[in-house]
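To keep things clear, I will list the structure first and then write my remarks on it.
The values are calculated or read from the model by the stated rules, or taken from the named source; none is laboratory data. This structure is a prediction, so every number in the text was calculated from the model and none was measured. Backbone-built Cβ (ideal geometry, glycine too); neighbour counts: all protein chains shown. To get the accessible areas, we keep the full protein, side chains included, count just its heavy atoms, and leave off ligands, DNA and RNA. Shrake-Rupley method; radii C 1.70, N 1.55, O 1.52, S 1.80 Å.
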Amino acid sequence: MRSIEPLRPEDPERIGQYALAGRLGEGGQGVVYRAAGDDGTPVALKVLHARLLRGPQAYDRLSEEIVLVRRVADFCTARIIESGTDGGRSYVVSEYVDGPSLHEFTETDGPLAGGALARLMVGTASALAAIHRAGVLHRDFTPHNVLLGPDGPRVIDFGIARVLDAAATVTSGLVGTPAYTAPELLRGAHHTPAADVFGWAVTMTFAATGSPAFGTDSIAAVFNRILLDEPDLATVPAPYHEVLRRCLAKDPRERPAARDILLQLLGYQDVEAASSALELPEGIRRADRVTVDRPERGGTENLTRPDHAPARPDRTLTPLRRWRRTRTLVAACLTVTAVGAAALVFALRPHGGSHGSAGPAPVVPPPAVTVGSANFAESALLAEIYAQALEVKGYRVTRKFNLGDRETYYKLVRSGEIDLIPEYTGALAVALDPTSTAATSEQVESVLRRMLPPQLQLLRSAPAEDKDTVTVTRKTADRYHLRTIADLEPVAGDIVMGGSPEFQTRHQGLVGLRGTYGLNFRSYQPFATDDRATVIKQLQDGRIQAANLFATEPAIAESGLVVLADPKHLFSAQNVTPLIYRSALSATGRAALDAVSAKLTTDALMRMNVRVLVDRAAPRTVAGDWLRQDGLADRPGHEATP
């Protein structure tokens, strides 16, 4: 189990939605706490040092990096859950791994050997290949960032250092650990996958011998050895001597890729042949010599996905011949994983490019985002508009529409399973604060700023509104002289009200109609949320006398229905707004959705609803037509990603 220290007087008791239980450690990036969310699930919460996140754009940079980090496969790594801010503290939440760090274990029990060392090397090489395949660099691969969990080694803290690099230099606080720093970084080059490979090799040397490959005395002496001397591998077990020597080459171009390290550890002598045997999906080419950051210097990389080799570390010696007999099974897993891959290359940074002139141009995987919708037609239409607007900007969109009511889909967005969903500001404010009486757009926005959890964000609101209404037929309005909701009070005992099941229990529903207007209807008839046709038919047939309809419902105008005025402002402002998981979209994606909101009016939304609900046009077609009409798309919408 991981050792946990008590909280100190200066430590907060809560950060965001998480209650802190104790300290797991403190390092150059920040303090790590053991914490628990509302459901009691333990997590590791790192509060980043304020000095490393300076300036108004620092948190945005961190959020954009988390977009990439969350794409890393979670075998052999600790999954990143979310990032956020609370009271000026920036934090990152990750999966809790109940086991000591490699540094702590080795310092206490001594170097690893035999099967334990083999499993550590294969597991961490798999993790590094997965990190690189997602377009992320670790930047601080050390024994402190490898945890020995019950199900095998887990690599943690990958990617975050990219954001923190701007606040540190070699002389005034290097982000990273000196003994594990690649020589090209000491010469001022930018970080590449090859630098991660160097850090991995020094870490594995520490695991095998109890000491880093270039010693642990003064920083100046260690840096001098890293730059000029050969690594000390004298006591490294023979089977691993050669692979570590190659990974510790002074020239980053001579170091193998993480994928190749994994294959060599599995016993393949001809790594190129083994690599070419891993088939990729049709239309996906193997990446060749792709670098990240900048093209001036640094190593190159050629990746495929690794496989998972879970096991509990032990101290037993496993002969290498017996280990090699497992390579056929693991290679088969590698092939299966590769077939399912979308692309096996790095996502280039803004100033990145290919290094050197050899090889074909790389295929860069597009950023991925999952767009959801509630279980009614307008929400699905808006989600389709958002999806196509992002596809125009190069996003690969997965659509998960008709998820259910707000109580259902909000949990999915909050957990990060859904990255983006259309919302209505007033209804969301009441859902987050049932006591809210906010009515105007400004009041609603104030509630949302106060109540929205830090991992979520509302982007620019559209002028388009779709409020809840109480609607009656012209015949009913004339019979009872109804103009406002207040006019229903003396006749409510004769009225059957109809609407969605959720309307029964919400403040902006029967609860508010009773409390605000004193309405006690004869009965309430619930209908499926997406069954608007039945609601309207029963309203017209007189089976119900009043209905909760959205203000953009096409039948209101088509059938001459009467929307009763709301003089007491029970139904608050309901501006259409994209709700996103904060780290899911880059600045480009956010700008695309802001442009959509700027053009989306209530009239435009009503016209699109008519096309979908009355004319039976496909939502994909309607969304694409509107985007092109308003200059927000230059090509038809894509097919949904399965």
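Couple of notes before you dig in:
- Count of segment 444-453 residues which are buried (at least 18 other Cβ atoms within 10 Å of the Cβ) and either touching a residue at least 40 places away in the same chain (Cβ under 8 Å) or of a type in the set (Val, Ile, Thr) (or both): 2
- Candidate set from segment 476-499 (those that are free of Cβ contacts under 8 Å to residues at least 12 places away in the same chain and among the charged types (D, E, K, R)); member that is surrounded by the fewest Cβ atoms within 10 Å (Cβ to Cβ): Asp478
- Residue in segment 503-526 that is surrounded by 23 or more Cβ atoms within 10 Å (Cβ to Cβ), touching a residue at least 40 places away in the same chain (Cβ under 8 Å) and either touching a Cys at 6+ places or on another chain (Cβ under 6 Å) or farther than 22 Å from Tyr410 by Cβ (or both) present: yes
- Taken as a whole, the condition of being exposed (fewer than 15 other Cβ atoms within 10 Å of the Cβ), farther than 29 Å from Pro178 by Cβ and either modelled with pLDDT of 50 or more or basic (Lys, Arg) (or both) applies to Arg312.
- Of all residue pairs spaced 6 or more apart or on separate chains, those with beta-carbon atoms under 9 Å, a first member in segment 39-52 that is over 13 Å from Ala21 (Cα atoms) and a second member that is open to solvent by 20 Å² or more (accessible area, probe 1.4 Å) and among the basic types (Lys, Arg) are Val47/Arg89; Leu48/Arg89; Ala50/Arg89.
- Scanning segment 434-470 for residues that are of a type outside the set (A, V, I, L, M, F, W, C) and part of a helix (DSSP H, G or I) returns Ser441, Glu442, Gln443, Glu445, Ser446, Arg449, Arg450.
- Among the residues of segment 210-232, those identified as closer than 16 Å to Gly199 by Cβ, in a loop (DSSP other than H, G, I, E, B) and not β-branched (Val, Ile, Thr) are Ser211, Pro212, Ala213, Phe214, Gly215, Pro231.
- The residue of segment 600-622 that is nearest to Arg460 (Cα to Cα), among those that are free of Cβ contacts under 8 Å to residues at least 40 places away in the same chain and open to solvent by 30 Å² or more (accessible area, probe 1.4 Å), is Asp603.
- Filter result (crowded, with 24+ Cβ neighbours inside 10 Å and among the charged types (D, E, K, R)) within segment 544-581: Glu553
- So Ala587, is it among the small types (Gly, Ala, Ser), surrounded by 18 or more Cβ atoms within 10 Å (Cβ to Cβ), under 27 Å from the mean Cα position of the chain (by Cα) and farther than 25 Å from Gln508 by Cβ: no
- Test: residue in segment 460-467 that is modelled with pLDDT of 90 or more, open to solvent by 10 Å² or more (accessible area, probe 1.4 Å) and within 30 Å of Glu82 (Cα to Cα): yes
- Meets criteria (at pLDDT 95 or above, in a helix (DSSP H, G or I) and surrounded by fewer than 19 Cβ atoms within 10 Å (Cβ to Cβ)) for Ala389: no
- Among the residues here, Ala528 qualifies as part of a loop (DSSP other than H, G, I, E, B), of a type outside the set (Val, Ile, Thr) and either within 43 Å of the chain's Cα centre (by Cα) or more than 27 Å from Ala573 (Cβ to Cβ) (or both).
- Residues of segment 1-40 that turn out to be open to solvent by 40 Å² or more (accessible area, probe 1.4 Å), of a type outside the set (A, V, I, L, M) and touching a Phe, Trp or Tyr at 6+ places or on another chain (Cβ under 8 Å), as a count: 1
- Any hit, segment 426-433, residues being in contact with a Phe, Trp or Tyr (Cβ under 8 Å, 6 or more places away or on another chain), part of a loop (DSSP other than H, G, I, E, B), open to solvent by less than 20 Å² (accessible area, probe 1.4 Å) and not aliphatic (A, V, I, L, M): no
- Qualifying residue in segment 465-474 (condition: under 30 Å from Arg89 (Cβ atoms) and within 34 Å of the chain's Cα centre (by Cα)): no
- The set of residues from segment 243-260 being without any contact (Cβ under 8 Å) to a residue 12 or more places away in the chain and among the acidic types (Asp, Glu) comprises Asp251, Glu254.
- Residues that are farther than 10 Å from Val146 by Cβ, open to solvent by 20 Å² or more (accessible area, probe 1.4 Å) and outside any loop (DSSP other than H, G, I, E, B) within segment 105-115 comprise Glu107, Thr108, Asp109, listed in sequence order.
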